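Below is one structure, written out as structure tokens, with a few remarks after it.
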């Protein structure tokens, strides 16, 4: 795996006050799915959990690019 493929991603979800935003209601009840070594695995986990909660319009799962937070100076806008 190359460095461009090995980038940490966090997947988590929780209830939001408005499904069009990322304003999470209760940080105590947020679900941390996990940390993944690449976007493909993170997306797979995100899709699985988003599908499980598809009937709850106020539940939202997201993928956070941890590598961008850890090393902001190397952000490549074209990469995931």
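The values are calculated or read from the model by the stated rules, or taken from the named source; none is laboratory data. If you're wondering where the values come from, they're calculated on a predicted model, not measured in any experiment. We place every Cβ from the backbone using ideal geometry, glycine too, and count neighbours over all the protein chains shown.
Just a few scattered comments:
- Here is the figure for region 26-42: residues that are part of a loop (DSSP other than H, G, I, E, B) and over 17 Å from residue 67 (Cβ atoms) total 2.
- Considered as a group, the residues in region 53-80 that are part of a helix (DSSP H, G or I) and either at pLDDT 95 or above or surrounded by fewer than 10 Cβ atoms within 10 Å (Cβ to Cβ) (or both) include one that is nearest to the chain's Cα centre (by Cα), and that residue is 72.
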